[in-house]
Amino acid sequence: MLFRATALAAVILAAAGPGTVAGAQDLDEERPIGEIALSDDTIQLRYISSGRKMDVEQASRISAGFFLSESRDIVLSGDVLFPAQLNIDRLQFLFGPRAYAALLEDENNDVLAASLGVEVRYEIDSSTGLAISGQAFYSPDILTFGSANNLTDLSARAEFRVQPRMTIFGGMRWFEFELTEGEEDRTLQEELFAGMAWRF
């Protein structure tokens, strides 16, 4: 499938107070992030913030997402991820739950899913923000409700910081529902994407 990402624009607005921090780096990490990712057939918006904003563990991270496909599949998602203490300077490992609520194109094909997953990020060059990262989330049958038996959401991307608050990225995502017996699996995304992130 040809990949034509012709426009990258930030459309998420966020407001957050900085609070009290130990230094400039800590303040920067507290700032929320808005992301937009585009592919041939999909668009996804994400809002990412520190868990401190919702009185969750200080080092945790929360995010909310809106996904829309060319077929008018709509998926809302939200997660809370917690860091693993690996004591490796450039490697970040997060794990935790992510919830999905999907309104698929076909009538009465709605899905609710509670998944568990991980996100791994390795910073290659701190001065340019060059990094690679990947996510893997899976919801088994027991935690998937509606017209699907399970959900798989896998992605990998490379990132590069073009200015202190702006990062561009590109990668590949495989996002699929295994529908109930008698129906074909529904692949919402299996293609390259590109996008940008803005730290407010």
### Message
Between segment 151-189 and segment 86-128, what is the separation of their alpha carbon centroids in Å?
### Response
9 Å
### Query
In whole percent, what relative contact order does segment 31-199 give with Cα contacts below 8 Å and a gap of six or more residues?
17 percent
### Message
Quick one: 3J(HN,Hα) in Hz for segment 122-135, Karplus 6.51/-1.76/1.60 with θ = phi - 60°, rounded, Gly and Pro as x.
### Response
10, 8, 7, 9, 5, 5, 10, x, 5, 8, 10, 8, x, 10
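Each reported figure results from applying straightforward, stated rules to the coordinates on display, with no laboratory input. This one's a predicted model, so the numbers in the text were calculated from it and none came from an experiment.
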